[in-house]
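Here's the structure we're looking at; comments come further down.
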Amino acid sequence: MSGIFTGVGVGPGDPELMTIKAVNAIRQCAVIAVPVSDESLKEPVYERLTEREEHPVYRKYMEKCVAYQIAVQACPEAQEKERIYLPMPMIRDGERLKALHDRDAEAVSALLEEGKAVVFLTLGDPTVYSTCMYVLKRLKRMEYRTEIVPGIPSFCAAAARLDIPLAENRQELHILPAAYDVEESLKLSGTKVLMKAGRKIGVVRELLKRKEMDAVMVENCGMDGERIFSSAEEIPDEAGYYSLLIVKEKKSGRGGNVR
């Protein structure tokens with residue numbers, strides 16, 4: 001019988017926010033899939049326990065994988081699992097990405113054929129802008145068994161950290177990728193969540209200021225280096241990749257910000 005592939009959400013950053021189900025999935029798996037954004041990795045690499053040594057390149061991949069670093073804090077057993085490193089560069093070359101994702105899925109399928117359970121660790125929730133789904137969908141088409149273990153999404157954690165609601169009563173809630181053109185999306189009613197705003201933060205900030213919109217930003221929510229900015233005016237010129245904005249409509253006659 002073939003193994004099962006499970007996409008596991010480790011939550012937004014604080015290891016205490018990992019679910020019991022996520023920890024159990026890691027404990028029960030044979031192999032952890034580590035997504036690698038570093039473009040030095042050109043092909044999937046499988047690291048068996050019997051072959052493991054302190055390889056500096058592999059150590060660098062693990063140190064840079066935020067999801068893995070969160071997981072080992074909540075589940076130390078993760079360090080004793082075999083690992084497969086999957087190239088997942090942050091590029092916009094669609095054809096190249098498709099070819100890489102195809103090879104990633106093929107490499108994982110070989111492990112599933114051996115009957116090994118594979119867990120792919122992903123920050124936040126696997127169903128929200130996660131690279132995990134590129135592999136999962138391919139394996140599903142290949143008729144392998146797949147599962148998803150949900151994680152607390154970053155926007156829920158950010159709202160909790162700020163002690164504010166995301167949406168109330170009949171308010172709409174829109175989750176938007178900030179790396180793309182958001183000007184039209186900011187016209188939507190209700191609350192807008194702008195995810196992964198780092199690269200476009202200057203453009204987004206100026207849009208928010210021009211439109212006089214209420215906004216707060218949380219950078220690295222629940223992680224080391226967490227920063228909170230309470231208005232569009234406070235948002236800096238540069239921000240990290242894990243920066244998230246919550247934008248709300250101004251109430252008539254009210255100044256100030258969403259807090």
Within the range 171-201, track down each residue that is assigned to a helix (DSSP H, G or I) and under 20 Å from Ile91 (Cα atoms).
Gly198, Arg199, Lys200, Ile201
Test for Val34: is it touching a strand residue (DSSP E or B) at 6+ places or on another chain (Cβ under 7 Å) and surrounded by 12 or more Cβ atoms within 10 Å (Cβ to Cβ):
yes
Within the range 72-80, can one find any residue that is at pLDDT 95 or above, polar (S, T, N, Q) and assigned by TED's automatic domain parsing to the domain that holds Val8?
yes
Output for the range 23-45, where each listed residue is more than 14 Å from the chain's Cα centre (by Cα) and within 20 Å of Asn220 (Cβ to Cβ):
Asp38
Options Arg103, Arg83, Arg96; residue that is over 20 Å from the mean Cα position of the chain (by Cα), more than 27 Å from Ser243 (Cβ to Cβ) and not in a loop (DSSP other than H, G, I, E, B):
Arg103
Taking the stated definitions as given, is Leu176 at pLDDT 95 or above and out of contact with any Pro (no Cβ under 9 Å at 6 or more places or on another chain)?
no
Which residue pairs have Cβ atoms closer than 7 Å, lie 6 or more positions apart in sequence or on different chains, and pair a first residue in the range 220-240 that is over 22 Å from Val10 (Cα atoms) with a second residue that is among the small types (Gly, Ala, Ser)?
Ser231/Ala215; Ala232/Ala215; Asp237/Gly202; Ala239/Ala197; Ala239/Gly198
Could you grab me the full set of residues in the range 136-185 that are acidic (Asp, Glu) and under 21 Å from Met18 (Cα atoms)?
Glu147, Asp163
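The values are calculated or read from the model by the stated rules, or taken from the named source; none is laboratory data. Only a predicted model underlies this, so the values are computations on that prediction, with no experimental measurement involved. Note that we place each Cβ from the backbone using ideal geometry, even for glycine, and neighbour counts take in every protein chain shown.
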